[in-house]
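The values are calculated or read from the model by the stated rules, or taken from the named source; none is laboratory data. Because the structure is predicted, anything quoted here is derived from the model rather than measured. Positions of Cβ are backbone-derived with ideal geometry, glycine not excepted, and every protein chain shown enters the neighbour counts.
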Amino acid sequence: MTRAYRMPFGAEVRGDGRTRFRLWAPAAKQVDLWLEAPARAIPMEREPGGWASVVTAEAPPGTRYRYRIDGHLLVPDPASRHQPDDVHGPSEVIGPPAPADDADWPGLPAERLVFYELHVGTFTREGTFAAVEARLPDLAALGVTAIELMPVAEFPGRWGWGYDGVLPFAPESRYGRPEDLRRLVAAAHAHGLAVFLDVVYNHFGPEGNYLHAYAPAFFDSPHRTPWGSAINFDGPGCEGVRAFARHNALYWLEEFGFDGLRLDAVHAIVDRSHPHLLVEIARAVAAGPGRTRAVHLVLENDDNAARYLLPSPDGSPPAYLAQWNDDFHHAVHVLLTGEREGYYGDYDPPLPHLGRCLTEGFAYQGQHSRHRGRPRGEPSGHLPGTAFVTFLQNHDQVGNRALGERLVALAPPDAVRAATAFHLLLPRLPLLFMGEEWGAPEPFLYFSDLGPPFGAAVAEGRRQEFARIAAFAEPAIGARIPDPQAATTRDASVLDWQRRDRPPHRAWLELHRELLRIRREAIVPLLATGAAPRASFRALGGAAFEASWAFPGDRVLRVLANLGPGTVAGTAPRREWGRRLFALGVADPPGTELPPWSVAWFLRGA
């Protein structure tokens, strides 16, 4: 079975040997198909609504092409499936993919998901899809179940995070060809691993975005995002723009076989129409690939809009499975590091916010945020644990730091071990950031390779952003911030896999493997009920606490933890808590004190 996904735009190779090209160019007077070798133009017919199209036998698979706008401007196809020469070069006609090796893969149920976020370009020294594929046995042995790729849509330059992509249908050519990405996904399925992709629908990157020249209606000029012009999802001409995003989501899921998408920063999507774009995408996915296999959609949403995570009134699954829970990260981070600048100030003191995360999902459910100067969030206590993705680290929380430090560089090893033991057995969906499992010391820095004038502007903006933080206010100290445009910045972020089997990294790896084994055996069956458990939380003083979750069948999961450096008295576990699943720093039998950086998990009724 092939997985060719048919779209109403771009280049589509047909069964009769001809290729159809279609471009939305409402601001262009004339559009030609430009074939690179030999160089020649083929006039395109104009259609109602600003479309231009042509069907030709002169452009078989492998043909390099562009569109010529008004006789002079050559632009790549915004729906290009492959950009062999980066964002300014020609697109390549890609034929239908070969039959899929994983056509019978059913996907994974939500309760089994343990995410592993990685950046293809720095996960290995080679920085390719094929190199990620070679490491799949290591990830399967670790015990994670879902690889989450940071964006792979074509972005400008030799390296970047992927969030400044401009050709959202073309896998980044420096990582490999489209068939290499398809092989990676199929190989992951063969190892029992799901694969998720991070996609960006809130903005386009600054370099290589030619849409302004021939389709300015793509952008909603009254609104802006922190990264550039907002996309027009609700103004005049928005129908084609919405279709572009909808088909992009379906394309990755259908043609490459991804198991799910993580939608980046959806709070920056401006859409006042009904249904909202997020609902439209979710409905299309449910009616398409979601009919035959488990496909999951995950949000990053600073608004904590719990409504997207609710089951439908007819009892069908929610539009979106889960949301990244920044509240959880921030509360734990303040506990471990004491940092309180920026948004961390909203979590001081941290323990009450952590308690709300453990019992109700989000810490902010309509409360006023001092950092934002407004209320934030919606009630979430009725949602199941699978509605929240938790993490101690991710690309944002590491890479958006001035020096890109990982948690092991910011907190004592005992503190990080305790936080890990606490996090990985929570009745939530955990996420690890690449290298976290062996305590990788390499930073994950912000890097880009933008041409002038964008590169210099990004570097200067980065310096100005951190100048507002007290620790970097002095010019001499601020000069330590790595230049995002320098090759050394990207190179410093590459994982060194040789460290993994050396002390002390081997011990970190074994800890993660053991915790994920326990999770698979004891926590997954609890989450499989799909119910929102009755939860309780009790602060024990300092950074210590007790939390419990009561599931159907009189099964109760409980944690006793001290995520601080001081001993807490009078906190001995009780017999009725059931069997001990795991303990770190807690004696057996336990005493009447909870030592620093200690965690103990108990399960009753299983």
On the basis of being surrounded by fewer than 18 Cβ atoms within 10 Å (Cβ to Cβ), of a type outside the set (Asp, Glu), on the phi < 0 side of the Ramachandran plot and touching a Ser or Thr at 6+ places or on another chain (Cβ under 9 Å), does Ala572 make the cut? yes
How about the range 26-59: which of its residues are under 35 Å from the mean Cα position of the chain (by Cα), in a loop (DSSP other than H, G, I, E, B) and either within 11 Å of Ala11 (Cα to Cα) or among the small types (Gly, Ala, Ser) (or both)? Ala27
Residue under question is Ala130, and the condition is that it be within 30 Å of Glu510 (Cβ to Cβ) and surrounded by fewer than 21 Cβ atoms within 10 Å (Cβ to Cβ); does it hold? yes
What strands (runs of 3 or more DSSP E) lie completely within the range 320-393 and have 2 or more residues being within 28 Å of Phe551 (Cβ to Cβ)? 322-324, 388-391
Taking the condition of being among the basic types (Lys, Arg) and under 29 Å from Pro106 (Cβ atoms), how many residues in the range 240-283 meet it? 3
Do we find that Leu336 is surrounded by 21 or more Cβ atoms within 10 Å (Cβ to Cβ) and farther than 24 Å from Ser598 by Cα in this structure? no
Considering residues that are in contact (Cβ under 8 Å) with a residue 40 or more places away in the chain and over 22 Å from Asp303 (Cβ atoms), the number found within the range 340-354 is 2
Looking only at the range 275-301, and only at residues there that are surrounded by fewer than 19 Cβ atoms within 10 Å (Cβ to Cβ) and within 23 Å of His203 (Cβ to Cβ), the one that is farthest from the chain's Cα centre (by Cα): Pro275
Out of all the residues in the range 461-470, is one or more surrounded by 13 or more Cβ atoms within 10 Å (Cβ to Cβ), part of a helix (DSSP H, G or I) and modelled with pLDDT of 95 or more? no
Leading residue by the ranking (nearest to Asp164 (Cα to Cα)) among those in the range 485-506 that are of a type in the set (A, V, I, L, M) and in a loop (DSSP other than H, G, I, E, B): Ala486
Quickly run through the range 96-123 and pick out the residues that are in a loop (DSSP other than H, G, I, E, B) and at pLDDT 95 or above. Trp105, Pro106, Gly107, Leu108, Pro109, Leu113, Val114, His119
For the range 56-66, does any single residue satisfy the condition of being in contact (Cβ under 8 Å) with a residue 60 or more places away in the chain and of a type outside the set (D, E, K, R)? no
Of all residues in the range 522-563 being crowded, with 21+ Cβ neighbours inside 10 Å and part of a loop (DSSP other than H, G, I, E, B), the one that is farthest from the chain's Cα centre (by Cα): Ala543
Going by the conditions given, is Gly62 modelled with pLDDT of 95 or more and under 22 Å from Glu154 (Cβ atoms)? yes
Kindly evaluate Pro60 against the criterion of being out of contact with any helix residue (DSSP H, G or I) (no Cβ under 7 Å at 6 or more places or on another chain) and within 26 Å of Gly165 (Cα to Cα). no
If I ask for residues that are modelled with pLDDT under 95, of a type in the set (Asp, Glu) and farther than 19 Å from Pro78 by Cβ, which ones from the range 233-270 would you list? Asp234
Here's a check for you: in the range 364-391, which residue that is within 17 Å of His329 (Cβ to Cβ) and among the basic types (Lys, Arg) is surrounded by the fewest Cβ atoms within 10 Å (Cβ to Cβ)? Arg372
Select the strands (runs of 3 or more DSSP E) contained entirely in the range 169-273, then report the ones holding at least 2 residues which are assigned by TED's automatic domain parsing to the domain that holds Thr124 and in contact with a helix residue (DSSP H, G or I) (Cβ under 6 Å, 6 or more places away or on another chain). 194-199
Can you tell me which of Val132, Val54 is β-branched (Val, Ile, Thr) and in contact with a strand residue (DSSP E or B) (Cβ under 6 Å, 6 or more places away or on another chain)? Val54
